[in-house]
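Each remark here refers to the structure printed beneath this line.
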Amino acid sequence: LAQVNGLIDGVSQRNCYSREMRGVTMLSKMKSYLLPVITLICDANCVASIPQIACTGGGVIPNSNRDQDHPCKGVSGDICEYKCDPGFHAIGTHVCQRYEAANVVFINNSFFGGRCVRLCSDKDTGDKQACSTHEATVRYNATDRIGFCLRTKCFANQTVLLREMARANYAVWSKCRNEKTGLYIDHIDLDHDIRDTRSATGITGLGLIVECGAHAMGWNSLRDSQMKVLKTLQTLGGKTKGCDIPRGSKGFFPHWVDANTGVIVGPDTACMMCTGLLMGGVLFAETYFTNADPHSELTAAISAEAAALYSSTKFTDLLCDASRKVVSADGTGIPMIQNLYNGSCAAVQVPQQDGFYQFNEEHYTVWLAYEQACGTAAAGQCDNAAIQTMWNKWQDRRFHPNHEYANYTLLSMWSGYLVHLPYYTVHAFNSDAAFQRLLRHHWLADWAFYNGTGAHAGERGRYGLGAGPSIPWCTEGSGYVADRLDSSCSSHCRIYSPYITTGYLADPVAATIVPTQLAQLFEDGETVVPVPNVTDAFVLWRKSLLQPDVSLAYDVTMVDFSSEILGLFAYFLGNDFFISNTNHFKHDS
């Protein structure tokens, strides 16, 4: 950021402009998230410089060589090198910085970011403080006879570590599965091993995909996997005694229900996005077991249940009249919500001024509406003109992306889940070159967003714009935030979400870079969460750079967390695991 200078031909020599740089675009974007407003000072030759403001605080790093006699000194942007005392682990880069957001100063011209954390050294337990050079290191919060510390666990190598990370993720999903009904709960507290009582229908769809992946990874037998999936499908179809999920006349599902009884918890409405995600998982399971075990009775039973669920969900009744907010066969509005019983709609979007819909994660619902209405027709010969038009205006957005960050064209400024979930559940996304390119763009823009802060975000895997729990004091009072690539987000905690980074493993280029970044996150220990009551099982969850001592694992929201295991499945099973098992409608090939 020290070299924001340059000239534009034909413009007065005394007018200064910032040069486009990789990872940072114009100054108006640079100042939006982690930097204060930067004032450029121009000399006669139009050379811009950043005002040099000395840092007056944060010069001492406890348990390091930066003590009262040798504090950090410098001006804005300076990095203070430090070395931790023996038995302590260095985390982060100590940078002279000012951070202001939403008219609140969080860091006021102070060194911030680096710290030294004690490593567990309880001789009674034989704790190691370092692994050998060829091993992969995991550190996690613990206590010994002295107090708080980072405990160290060694794995044979990086590949073994990531495979065990995937298995640990599955252990979390197993905790979230209701054994009676096969429904999956909305969130779990991994700090205290407390499960929510609500099931989320969309998450249940993702749970079905996870069970298929668990079988493909060799963790479960074929029969056990089929029985789990069949139980879930039977519950969704109303065949589990004591559990009845209301669906309404069009077959759409509500968002949250009681995991034991199926009684709606929350609004008496149908969630269109949730129903699409649920059905994406239902069809994924049917296709997976048809491919893996085509002639068995269990596969036949799974296929029958899946077919019944899909046919009883009238995705062709998706569209609404946007002005009257009612279901309409000739409508142009795509709703997030429909009333279960009276046909009214809410949260409706219509094509934008450029003629295309704004892309979002409702992609799976829109896809299934098109498949039900037009999937058997030849191109251009669908007799449902409204659905065909909707699909064209939805799909063509990939050729006309309407967002940009750091010179990367994007489908949206929202968190990474917006491209992850469609990739892992929709064949029309994961088999399409334009969508694949936009998935990569989202990853690169995400990484650039953190690398462009001038502080220490972005290094050693510290990036990933995700949704999840937040710290209210630095999120304008909110306890849950979906971070974005723009300044309109209310999250100012500098939160990064490793599960989002993991979700980009579906991209071939990311798959060569992200594994090392994940290993670095495990080594530093900030985002590592042990899975309760499971031996040597560790996952990664979100963390605030502003307040790294606060655990956010009290609320692991499974729809957000899903990117972690799905990305690891892509890494170990290959992208064809998703491309093949979402290819339910063979004409898509």
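The values are calculated or read from the model by the stated rules, or taken from the named source; none is laboratory data. Fair warning: this is a prediction, and the values are worked out from it, not measured in the lab. Positions of Cβ are backbone-derived with ideal geometry, glycine not excepted, and every protein chain shown enters the neighbour counts. All accessible areas refer to the heavy atoms of the entire protein, side chains included, with ligands and DNA or RNA removed. Shrake-Rupley method; radii C 1.70, N 1.55, O 1.52, S 1.80 Å.
Of all the criteria given as (1) open to solvent by 40 Å² or more (accessible area, probe 1.4 Å); (2) out of contact with any Gly (no Cβ under 6 Å at 6 or more places or on another chain), the one not satisfied by residue 451 is (2).
Across segment 204-240, the qualifying residues are those that are in contact with a Gly (Cβ under 7 Å, 6 or more places away or on another chain) and open to solvent by 40 Å² or more (accessible area, probe 1.4 Å), and the one among them that is nearest to residue 163 (Cα to Cα) is 228.
The residue of segment 256-275 that is farthest from residue 342 (Cα to Cα), among those that are assigned to a loop (DSSP other than H, G, I, E, B), over 26 Å from the mean Cα position of the chain (by Cα) and of a type outside the set (Ser, Thr, Tyr), is 260. Look at segment 294-321: where a residue is part of a helix (DSSP H, G or I) and a partner is of a type in the set (D, E, K, R) and surrounded by 17 or more Cβ atoms within 10 Å (Cβ to Cβ), sitting 6+ places away or on another chain with Cβ atoms under 8 Å, you get 299/293; 302/286; 303/286; 306/286; 307/286; 315/371; 317/250.
Out of curiosity, is residue 182 open to solvent by less than 10 Å² (accessible area, probe 1.4 Å), farther than 14 Å from residue 556 by Cα, of a type outside the set (Ser, Thr, Tyr) and in contact with a His (Cβ under 9 Å, 6 or more places away or on another chain)? Spelling it out, it is not the case that residue 182 is open to solvent by less than 10 Å² (accessible area, probe 1.4 Å), farther than 14 Å from residue 556 by Cα, of a type outside the set (Ser, Thr, Tyr) and in contact with a His (Cβ under 9 Å, 6 or more places away or on another chain). Within segment 91-103, is there a residue that is farther than 27 Å from residue 491 by Cβ, surrounded by 15 or more Cβ atoms within 10 Å (Cβ to Cβ) and in contact with a Ser or Thr (Cβ under 8 Å, 6 or more places away or on another chain)? No; the residues of segment 91-103 include none that is farther than 27 Å from residue 491 by Cβ, surrounded by 15 or more Cβ atoms within 10 Å (Cβ to Cβ) and in contact with a Ser or Thr (Cβ under 8 Å, 6 or more places away or on another chain). Conditions first: (1) touching a Cys at 6+ places or on another chain (Cβ under 7 Å); (2) open to solvent by less than 40 Å² (accessible area, probe 1.4 Å). Residue 261 passes all but one, so which condition is the exception? Residue 261 satisfies every listed condition except (2).
Only one of the numbered conditions (1) open to solvent by 30 Å² or more (accessible area, probe 1.4 Å); (2) within 29 Å of residue 90 (Cβ to Cβ); (3) in contact (Cβ under 8 Å) with a residue 60 or more places away in the chain is not met by residue 139, and that is (1). Among residues belonging to segment 375-397 that are of a type outside the set (Val, Ile, Thr), open to solvent by 60 Å² or more (accessible area, probe 1.4 Å) and not in a helix (DSSP H, G or I), point out the one that is nearest to residue 434 (Cα to Cα). The qualifying residue nearest to residue 434 (Cα to Cα) is 379. Flag: residue 177 does not match the condition of being open to solvent by 10 Å² or more (accessible area, probe 1.4 Å), over 30 Å from residue 340 (Cβ atoms) and not aliphatic (A, V, I, L, M). Residues of segment 570-588 that are in contact (Cβ under 8 Å) with a residue 60 or more places away in the chain, more than 17 Å from residue 503 (Cα to Cα) and not aromatic (Phe, Trp, Tyr): 580, 581, 582, 583, 584, 587, 588. Within segment 334-356, restricting attention to residues that are in contact with a Phe, Trp or Tyr (Cβ under 7 Å, 6 or more places away or on another chain) and surrounded by 23 or more Cβ atoms within 10 Å (Cβ to Cβ), which residue is modelled with the lowest pLDDT? Among those that are in contact with a Phe, Trp or Tyr (Cβ under 7 Å, 6 or more places away or on another chain) and surrounded by 23 or more Cβ atoms within 10 Å (Cβ to Cβ), it is 338. Among the candidates 539, 534, the residue that is open to solvent by less than 40 Å² (accessible area, probe 1.4 Å) and either in contact with a Lys or Arg (Cβ under 6 Å, 6 or more places away or on another chain) or of a type in the set (A, V, I, L, M) (or both) is uniquely 539. Here 403, 363, 427, 420 are screened, and the one residue that is open to solvent by 40 Å² or more (accessible area, probe 1.4 Å) and within 21 Å of the chain's Cα centre (by Cα) is 403.
Among the residues of segment 58-88, those identified as of a type in the set (S, T, N, Q) and closer than 27 Å to residue 151 by Cβ are 63, 64, 65.
Across segment 559-577, not a single residue is classified as of a type in the set (S, T, N, Q), surrounded by fewer than 22 Cβ atoms within 10 Å (Cβ to Cβ) and closer than 20 Å to residue 155 by Cα.
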